[in-house]
Amino acid sequence: MNSVQIEKMYDEGRITSVPYDPMYPIDVFYDLGMNDMTSMWFRQTVGREFRYIDFYQNSGEAIPFYVNTMRDMYPKARWGRIILP
């Protein structure tokens, strides 16, 4: 995907800000960094829409740190799937 395609999606309203909706569980997708950054994408599925509601990135921490970060970011969330590599 290139910048022209992304700009077109913005112009068509296909990329926008979406709020967290407590009615739906949050799925979290991890990219575990060993010598680089660990990344987490937070997504809710609402009907046929995939709503990416948040992103977090850090390095140098163990898994329990990231689990606590999830809980701190969304303390009352219902969690869906946690996807690891």
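The values are calculated or read from the model by the stated rules, or taken from the named source; none is laboratory data. Everything numeric in this text was worked out from a predicted model, so none of it was measured. Cβ coordinates were reconstructed from backbone atoms using ideal geometry, including for glycine residues, and neighbour counts include every protein chain displayed. Only protein heavy atoms, including side chains, enter the accessible area calculation; ligands, DNA and RNA are left aside. Shrake-Rupley method; radii C 1.70, N 1.55, O 1.52, S 1.80 Å.
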Tell me the mean residue ellipticity at 222 nm calculated for the chain from its helices only (DSSP H runs of n ≥ 4, each -39500 (n - 2.57), averaged over every residue, nearest 500).
-7000 deg cm²/dmol
Across the stretch 30-40, in residue order, what do the Karplus-derived ³J(HN,Hα) couplings come to in whole Hz, using 6.51 cos²θ - 1.76 cosθ + 1.60 with θ = phi - 60° and x for Gly and Pro?
9, 10, 7, x, 9, 10, 9, 7, 9, 10, 10
For I15, enumerate residues with amide H under 5 Å from its amide H, sequence gap 5+ or separate chain, H modeled in the peptide plane.
Y10
Need one number: nm distance between label points at E7 and E49, each 7 Å from Cα along Cα→Cβ, rounded to one decimal.
2.6
With everything on Cα atoms, drop me the angle between helix 63-73 and the longest principal axis of the chain, reported from 0 to 90° to the nearest 10.
50
If I model a spin label as a point 7 Å beyond the Cα along the Cα-Cβ vector, how far apart are those points for L84 and F29 in nm?
1.8
Based on the Cα coordinates of the chain, what is the per residue volume of their convex hull in Å³?
120
Could you check how much of the accessible area of the chain is carbon and sulfur, as a whole percent, using a 1.4 Å probe?
54
Length-normalised contact order of the chain, Cα under 8 Å, at least 6 apart, in percent, tallies to 32
D54 long-range amide H proximity, modeled H, under 5 Å:
F42
For the chain: accessible area per residue (Å², 1.4 Å)
75
Could you compute the FRET efficiency for T16 and D36, with r as their C-beta to C-beta distance and R0 at 30 Å, rounded to 0.05?
0.50
